[in-house]
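Read through the structure below, which is laid out as structure tokens, and then see the notes.
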């Protein structure tokens, strides 16, 4: 890999932490070529090398990575993810607020909070979702530039779930979020956790599954905190959220493949809750969950 300056700290120091095939869509779809994941030697921000060319505006992307480009298929796949997010944030934090989902997809989260929010707005490059989003009462923009022209400094809450890792420039992405917010506005952001328990469990198959062609960046809590600070945010609260039960980890270790939830009968719910609490408290959950304010 040629020399490059880290997009966050400008360091040229880096090391390879992975090299090989990576996921290119749903489980079982692998890249044709090898990729490297490079870690900044100073701030630990990790990036995929090289960046594959991905066009998020096309239906082909949705077919490759979701199996469909239909908005209601998207909702069917993602609606169940919203209750834990709302529980983590608190529905009261959306009451009478102007909320913008930066990379909203088909709009599952916006639908979930529409009844309490003053206004719901999405930024979504795939215009195939726009008609459905508008019909469900959301304002939508195809890119951040158009959203900033209208709502610079006007947004109460920016939400971002599983988007920052897809961007060409994660620092610019957070700076755009900062510029959208009014004073004392909040941002809530989720992304994959590089310190996921299974990433530290010496499972080559999991690493091939975890790294993927559409994720250009990989964060631990330190590198994400640093990115928030560089973007100008204050009162940054690092956090963790875990979505999978104990059986998922056990079956990964046995079968070296994802199983979803409930793959082993007989594991009591209290055991699963203890497992999830342990991972979240120790920083080994599958997701980082950060919140921050604009002073």
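The values are calculated or read from the model by the stated rules, or taken from the named source; none is laboratory data. The structure presented is a predicted model; accordingly, all values stated were derived computationally and were not measured. Cβ atoms come from the backbone with ideal geometry, glycine included; neighbour counts cover every protein chain shown.
So is residue 16 closer than 26 Å to residue 206 by Cα, more than 18 Å from the chain's Cα centre (by Cα) and in contact (Cβ under 8 Å) with a residue 12 or more places away in the chain or not? In short, yes. The condition (being over 30 Å from residue 122 (Cα atoms), modelled with pLDDT under 95 and touching a strand residue (DSSP E or B) at 6+ places or on another chain (Cβ under 9 Å)) is satisfied by just one residue among 31, 24, 11: 11.
Against the condition in a helix (DSSP H, G or I), modelled with pLDDT of 95 or more, touching a strand residue (DSSP E or B) at 6+ places or on another chain (Cβ under 8 Å) and more than 23 Å from residue 291 (Cβ to Cβ), how does residue 134 come out, does it pass?
Details: in a helix (DSSP H, G or I): yes; modelled with pLDDT of 95 or more: yes; touching a strand residue (DSSP E or B) at 6+ places or on another chain (Cβ under 8 Å): yes; more than 23 Å from residue 291 (Cβ to Cβ): yes.
Spelling it out, residue 134 is indeed in a helix (DSSP H, G or I), modelled with pLDDT of 95 or more, touching a strand residue (DSSP E or B) at 6+ places or on another chain (Cβ under 8 Å) and more than 23 Å from residue 291 (Cβ to Cβ).
Residues are listed down the side, and each one gets a yes or a no for (1) in contact with a helix residue (DSSP H, G or I) (Cβ under 6 Å, 6 or more places away or on another chain); (2) over 30 Å from residue 245 (Cα atoms); (3) at pLDDT 95 or above:
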| residue | (1), (2), (3) |
| --- | --- |
| 149 | no, yes, yes |
| 158 | yes, no, yes |
| 174 | yes, yes, yes |
| 202 | no, no, no |
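Residue 212 fulfils the conditions (1) within 14 Å of the chain's Cα centre (by Cα); (2) within 17 Å of residue 288 (Cα to Cα) except for a single criterion, (2). Scanning region 227-239 for residues that are closer than 23 Å to residue 48 by Cβ and either under 13 Å from the mean Cα position of the chain (by Cα) or buried (at least 21 other Cβ atoms within 10 Å of the Cβ) (or both) yields 227, 228, 231.
If you take the residues of region 35-54 that are out of contact with any helix residue (DSSP H, G or I) (no Cβ under 8 Å at 6 or more places or on another chain), surrounded by fewer than 20 Cβ atoms within 10 Å (Cβ to Cβ) and over 13 Å from residue 207 (Cβ atoms), which of them is modelled with the lowest pLDDT? Per the stated criteria, the residue is 53. Against the condition closer than 22 Å to residue 159 by Cα, touching a helix residue (DSSP H, G or I) at 6+ places or on another chain (Cβ under 6 Å) and in contact (Cβ under 8 Å) with a residue 60 or more places away in the chain, how does residue 223 come out, does it pass? No.
Can you tell which of 92, 124, 131 is farther than 30 Å from residue 276 by Cα and surrounded by fewer than 16 Cβ atoms within 10 Å (Cβ to Cβ)? Talk me through it step by step, then tell me what you get.
Working: 92 fails: farther than 30 Å from residue 276 by Cα; 124 fails: surrounded by fewer than 16 Cβ atoms within 10 Å (Cβ to Cβ).
Only one candidate passes the filter, namely 131.
Going through 107, 122, 115 one at a time, which residue ends up being in contact with a helix residue (DSSP H, G or I) (Cβ under 6 Å, 6 or more places away or on another chain) and free of Cβ contacts under 8 Å to residues at least 24 places away in the same chain? Walk me through it before giving the result.
Details: 107 fails: free of Cβ contacts under 8 Å to residues at least 24 places away in the same chain; 115 fails: in contact with a helix residue (DSSP H, G or I) (Cβ under 6 Å, 6 or more places away or on another chain).
122 is the lone residue from the list that is in contact with a helix residue (DSSP H, G or I) (Cβ under 6 Å, 6 or more places away or on another chain) and free of Cβ contacts under 8 Å to residues at least 24 places away in the same chain.
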